[in-house]
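First comes the structure, then the notes that go with it.
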Amino acid sequence: MRDEATFRVKSGLAEMLKGGVIMDVVDSEQAKTAEDAGAAAVMALERVPADIRRDGGVARMSDPEMIAGIQETVTIPVMAKARIGHFMEARVLEALEVDYIDESEVLTPADERNHIDKWDFKVPFVCGATNLGEALRRIGEGAAMIRSKGEAGTGDIVEAVRHMRQIVGEIRRLTMLGEDELATAAKEIAAPLDIVRGVAQEGKLPVVLFCAGGIATPADAALMMALGAEGVFVGSGIFKSEDPALRARAVVEATTHWQDAARVAEASRGLGPAMVSLESSKLESEQLLAQRGW
Amino acid sequence: MGERAHAGGPLIGVLALQGGFDAHERMLAGLGAQTREVRVPADLEGLDGLVIPGGESTTMTLGVEREGLAEPLREFVASGRPVLGSCAGLIMLDRSHLGLMDVEARRNAFGRQIASFEADLDVAGMPGGPMRAIFIRAPWIAEHGPEVEILASVDGHPVAARQGHLIGVAFHAELGSDDRLHEMLLRLVGETAGSA
């Protein structure tokens with residue numbers, strides 16, 4: 001008996017990405033650079049978040065031509081982003097056979113009430129979250145991987161830290177509650193009770209948890225691993241820096257050796273300037289991407 | 001962190017450069033083994049056996065180069081200690097990578113993620129009936145030498161093989177609850193230790 005697209009098969013690919021770095025790329029050349037540096041997967045998108053921020057306007061799914069070009073160039077998994085709630089963009093990405101779909105707040109949301117019904121797809125989804133309730137609602141909708149949102153395109157790690165600490169801290173608190181307190185806890189964080197029960201029992205999410213949004217240096221990546229991330233997404237941090245190939249290799253090395261500060265130090269040497277960064281706390285509230293999605 | 005103690009059990013390393021290493025650790029710990037994550041050559045010292053997990057074989061290959069692990073891994077195998085390679089781990093063992101098993105794996109042979117699947121698989125020498133095997137962007141064995149015993153196939157393509165004290169499988173048992181493949185590794189470890 002052969003079963004495709006079971007939840008184990010969907011979340012299993014994320015298990016294989018653990019301890020790895022997923023890099024944003026905008027063309028085949030960048031994808032090759034990422035693969036050669038040891039990226040565990042690439043995220044194909046038209047503009048990295050830093051450019052989406054700078055250019056403004058509506059950010060959409062990427063051109064299938066570009067995604068197909070990247071798929072032909074690399075052998076590692078290729079992910080691509082769909083707008084929140086835009087299930088038709090997701091259908092297009094599924095037809096292209098991308099390996100993972102990111103229903104992403106970095107793009108302009110298409111539906112202000114509903115996220116995509118991700119159970120209805122054969123291709124797995126990763127979704128962003130700023131807290132545990134949001135993560136578990138996405139899992140309830142079928143997400144097979146979660147990433148903390150951070151604040152994409154800033155190069156400022158503070159929001160990533162906030163979201164990761166929030167998620168991990170809330171998980172820890174759930175494990176200390178009695179069985180009879182879980183229904184109220186589920187109601188308070190507006191998450192499905194059965195998933196809340198599972199998290200309370202296991203002390204972890206039922207899917208892999210990565211970190212995203214604001215990672216610019218090897219030490220940033222190591223910090224997020226130490227805070228409980230099982231791997232990292234790096235968006236603008238690689239290809240908006242001065243020497244992307246060198247920085248990409250360094251972030252990969254620091255993600256593997258996050259427990260060894262001497263190795264993180266070695267990886268951090270002589271990388272040249274990081275991306276041009278924005279301080280998240282100086283952004284206007286309508287510029288905050290992490291507030292998209294609910 | 002990185003090492004799970006279980007007094008008395010064999011000490012099994014799990015290559016942890018990148019990939020699904022902690023699922024293997026959980027399964028091995030459940031069988032009473034001690035585990036250690038392997039990232040640098042020194043981590044191989046004193047191990048009774050090794051698992052090379054799934055993940056991305058390009059990422060792992062670069063990691064093996066960066067850490068200078070290729071030669072220490074070859075010495076490890078030459079010393080007769082058992083190794084289980086799963087998915088990317090099978091690829092790492094093949095002729096084009098570490099050259100430890102006389103097989104040639106074809107990467108992503110079953111296709112992209114949308115073609116990933118799970119199935120009941122009859123594995124030769126495995127007591128207790130078929131095992132639930134999870135194939136994720138999985139390879140298969142395209143060619144193999146005469147020393148290699150094929151243990152299981154899907155659609156006529158070999159997906160599990162044994163060559164002496166080396167086991168290579170294209171699928172993931174560690175993502176399910178069937179621990180018989182890991183038991184097979186520990187049995188080999190027991191036999192090796194007994195003959196030493």
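The values are calculated or read from the model by the stated rules, or taken from the named source; none is laboratory data. Small disclaimer: the values here were computed from a predicted structure and weren't measured. Don't worry about glycine lacking a Cβ; one is built from the backbone with ideal geometry, like all the others, and counts go over all protein chains shown. Side chains included, ligands, DNA and RNA excluded: accessible areas come from the protein's heavy atoms. Shrake-Rupley method; radii C 1.70, N 1.55, O 1.52, S 1.80 Å.
Summary of values
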{"quantity": "Residue in the stretch B:166-176 that is surrounded by fewer than 21 Cβ atoms within 10 Å (Cβ to Cβ), at pLDDT 95 or above and charged (D, E, K, R) present", "calculated": "no"}
{"quantity": "Of all residues in the stretch A:228-243 being away from chain B (no Cβ under 12 Å) and open to solvent by 30 Å² or more (accessible area, probe 1.4 Å), the one that is farthest from A:V25 (Cα to Cα)", "calculated": "A:G228"}
{"quantity": "Among (1) touching a residue at least 40 places away in the same chain (Cβ under 8 Å); (2) buried (at least 18 other Cβ atoms within 10 Å of the Cβ); (3) more than 9 Å from chain A (Cβ to nearest Cβ); (4) not in a strand (DSSP E or B), the one test that B:L98 misses", "calculated": "(1)"}
{"quantity": "Within the stretch B:83-92, considering residues that are part of a helix (DSSP H, G or I) and closer than 20 Å to B:E25 by Cβ, the one nearest to the other protein chains (Cβ to nearest Cβ)", "calculated": "B:A88"}
{"quantity": "Number of the exception - A:K122 against (1) among the charged types (D, E, K, R); (2) surrounded by fewer than 24 Cβ atoms within 10 Å (Cβ to Cβ); (3) more than 14 Å from chain B (Cβ to nearest Cβ)", "calculated": "(3)"}
{"quantity": "Out of A:R263, A:R249, sole residue that is within 13 Å of chain B (Cβ to nearest Cβ), out of contact with any helix residue (DSSP H, G or I) (no Cβ under 6 Å at 6 or more places or on another chain) and either assigned to a helix (DSSP H, G or I) or open to solvent by less than 10 Å² (accessible area, probe 1.4 Å) (or both)", "calculated": "A:R263"}
{"quantity": "Residue that is within 14 Å of chain A (Cβ to nearest Cβ) and surrounded by fewer than 21 Cβ atoms within 10 Å (Cβ to Cβ), where the choices are B:G80, B:G68, B:G54", "calculated": "B:G68"}
{"quantity": "Odd one out for A:A216, checked against (1) open to solvent by less than 10 Å² (accessible area, probe 1.4 Å); (2) assigned to a helix (DSSP H, G or I)", "calculated": "(2)"}
{"quantity": "A:G140 vs. criteria open to solvent by less than 10 Å² (accessible area, probe 1.4 Å) and more than 14 Å from every other protein chain (Cβ to nearest Cβ)", "calculated": "no"}
{"quantity": "Any hit, the stretch A:219-232, residues being farther than 23 Å from B:F21 by Cα and either charged (D, E, K, R) or in a loop (DSSP other than H, G, I, E, B) (or both)", "calculated": "no"}
{"quantity": "Exclusive hit being open to solvent by 40 Å² or more (accessible area, probe 1.4 Å) and either under 16 Å from A:Q291 (Cα atoms) or in contact with a Phe, Trp or Tyr (Cβ under 9 Å, 6 or more places away or on another chain) (or both), set A:D63, A:D111", "calculated": "A:D111"}
{"quantity": "Check on A:V106, in contact (Cβ under 8 Å) with a residue 24 or more places away in the chain and more than 14 Å from chain B (Cβ to nearest Cβ)", "calculated": "yes"}
{"quantity": "Filter result (part of a loop (DSSP other than H, G, I, E, B) and at the interface with chain A (Cβ under 7 Å from one of its Cβ atoms)) within the stretch B:103-132", "calculated": "B:R107, B:N108, B:R112, B:S116"}
{"quantity": "In the stretch A:91-138, residue farthest from the chain's Cα centre (by Cα) [restricted to those that are hydroxyl-bearing (S, T, Y) and part of a loop (DSSP other than H, G, I, E, B)]", "calculated": "A:T108"}
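Residues checked against (1) within 12 Å of another protein chain (Cβ to nearest Cβ); (2) under 19 Å from A:A144 (Cβ atoms); (3) open to solvent by less than 10 Å² (accessible area, probe 1.4 Å); (4) out of contact with any Gly (no Cβ under 6 Å at 6 or more places or on another chain):
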position: A:A5; (1), (2), (3), (4): yes, yes, no, yes
position: A:V9; (1), (2), (3), (4): yes, yes, yes, yes
position: A:E29; (1), (2), (3), (4): no, no, no, yes
position: A:E35; (1), (2), (3), (4): yes, no, no, yes
position: A:G38; (1), (2), (3), (4): yes, no, yes, yes
position: A:V42; (1), (2), (3), (4): yes, yes, yes, yes
position: A:E46; (1), (2), (3), (4): no, no, no, yes
position: A:R53; (1), (2), (3), (4): no, no, no, no
